[in-house]
Amino acid sequence: MAFTAKDVVALREKTGVGMMDCKKALVEADGDMDKAVDILREKGLASAAKKSTRVAAEGTVATYNDGKAAALVEVNCETDFVAKGEPFVNLSNQIAKTVVEANPADVDALLKTKVADGEGTVEEAVQEVFLALRENMKVRRFARMEGHVLTYIHAGGTVGVMVNFDADDAVAAKPEFETMGKDVAMQIAAMSPEYLSKDDISDDELAKMKSITIDSSLNKPDSLPKPILMSVIDEAINSKRCSDEDIAILQEKKNDKFLFNFISKEAIAALAEIAVEKKEEIVANKIFSGAVEGRLKKQIKEICLLEQAFVKDGDMTVDKYVSSVAKTLGGDIKIKEFVRFAKGEGIEKKQDDFAAEIASMVK
């Protein structure tokens, strides 16, 4: 079957693949347009397999909310240029809608699901965009919630947040509720809490946090309560664990609040070693244990959403802010859960050393 230049152009417009590849596919398909599309898809699969080892740390976080359920999905690609392009953005939005409508169990199930507002599966939709853009693409993760859910996308998909609220329908229908929900979502995007409240932190995790706080304090002698620091300094002087010069400074300036600006790094390390050696004694000290508890409370306020200072009004916590809005609206509002996705978090990006690459080429 013969084909013309118009057929090549038509195949190019249909698939987004380069003109030469389209011409070769039509030759191989003997001019059959549908067969040529299949050939390009097959070749695309082979090409995608070759490119699948390339790091896809760019991309976007997309959301979809139909009023009854909402979803966040992270789709990755190789470059920011592709991530901001209309084909990739549309694909990501389609996948988010698919998650809401189909409620797949996991990413593997999602890939096999018929894509919303399109033909074929999500996996095939991803493949179509790959054929046009020629970058490794992956649907990395998604989350789905039902109920009164507010979503927020920051900086064009750099960060996505989804928050589920427990509230009466009448309360949730008011514009003030939506404003409050957006405020909370933006708080999560900016402050990246790890937990909803202290109650969500396990005893094991609390114990681990306390242990890390203790060890961190011992290894940073300038953070020790003054009576304990004086004891550690006396031990360093009496046991001559520092140089004569540092010992002289310790003797002269041990009560000076700028002491650590005068002694050497070696002296600071020696003080830390002594503090670690005296760990059992120091931990038993009520002053030290009180300081540790204070630091733990500060950490919990930083990592727990409800305990965080509200960004728009530092005089109240997020919990108090939500409660104040609930009171104004004449109902009860509770945050049930939240999800925060940051594009590419945890993916190790390839660091190109172009100087080394060029040097190797000219050898």
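The values are calculated or read from the model by the stated rules, or taken from the named source; none is laboratory data. Because the structure is predicted, anything quoted here is derived from the model rather than measured. All Cβ positions, even for glycine, are placed from backbone atoms using ideal geometry, and neighbour counts span all protein chains on display.
General observations
Residue by residue, here is whether (1) crowded, with 20+ Cβ neighbours inside 10 Å; (2) among the charged types (D, E, K, R) holds:
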| position | (1), (2) |
| --- | --- |
| Glu123 | no, yes |
| Glu176 | no, yes |
| Met180 | yes, no |
| Ser192 | no, no |
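- Odd one out for Tyr64, checked against (1) surrounded by fewer than 24 Cβ atoms within 10 Å (Cβ to Cβ); (2) assigned to a helix (DSSP H, G or I); (3) in contact with a strand residue (DSSP E or B) (Cβ under 8 Å, 6 or more places away or on another chain): (2)
- Conditions (1) in contact with a Lys or Arg (Cβ under 6 Å, 6 or more places away or on another chain); (2) closer than 14 Å to Thr63 by Cα; (3) not assigned by TED's automatic domain parsing to the domain that holds Ala56; number of the one not met by Ala116: (3)
- Checked against (1) without any contact (Cβ under 8 Å) to a residue 40 or more places away in the chain; (2) among the acidic types (Asp, Glu); (3) under 30 Å from Met20 (Cβ atoms), Asp169 passes all but condition (3).
- Region 238-255 residues that are not in a loop (DSSP other than H, G, I, E, B), paired with ones that are not small (Gly, Ala, Ser) (beta carbon under 6 Å, 6 or more apart): Asp246/Ile263; Ile247/Ile237; Ile249/Phe262; Ile249/Ile263; Leu250/Ile233; Leu250/Ile237; Lys253/Leu259; Lys253/Phe262
- All positions within region 153-204 that are among the acidic types (Asp, Glu), in a helix (DSSP H, G or I) and farther than 29 Å from Val89 by Cβ: Asp169, Glu176, Asp199, Asp200, Asp203, Asp204
- Residue selected from region 1-19 under the condition in a helix (DSSP H, G or I) and modelled with pLDDT of 80 or more, by the criterion nearest to the chain's Cα centre (by Cα): Leu11
- Tally of residues being part of a helix (DSSP H, G or I) and within 22 Å of Val161 (Cβ to Cβ) across region 104-114: 2
- As a summary of the residue check, Leu110 satisfies the conditions (1) surrounded by 15 or more Cβ atoms within 10 Å (Cβ to Cβ); (2) touching a Gly at 6+ places or on another chain (Cβ under 8 Å); (3) not aromatic (Phe, Trp, Tyr) except for the one numbered (2).
- Pairs where the first residue, in region 76-103, is farther than 17 Å from Lys114 by Cβ and assigned to a strand (DSSP E or B) and the second is at pLDDT 95 or above and among the aromatic types (Phe, Trp, Tyr), C-beta under 9 Å, 6+ apart: Cys77/Phe88
- Check on Phe310, surrounded by 13 or more Cβ atoms within 10 Å (Cβ to Cβ) and more than 14 Å from Leu229 (Cα to Cα): yes
- Counting only residues that are within 27 Å of Glu205 (Cα to Cα), surrounded by fewer than 15 Cβ atoms within 10 Å (Cβ to Cβ) and touching a helix residue (DSSP H, G or I) at 6+ places or on another chain (Cβ under 8 Å), region 313-331 holds 1 of them.
- Residues being buried (at least 18 other Cβ atoms within 10 Å of the Cβ) and within 23 Å of Val292 (Cα to Cα) - total across region 232-267: 3
- Of all residues assigned to region 132-152, none qualifies as being modelled with pLDDT of 95 or more, exposed (fewer than 15 other Cβ atoms within 10 Å of the Cβ) and part of a helix (DSSP H, G or I).
- Checklist (1) at pLDDT 95 or above; (2) more than 28 Å from the chain's Cα centre (by Cα); (3) not basic (Lys, Arg) applied to Met361, failing item: (1)
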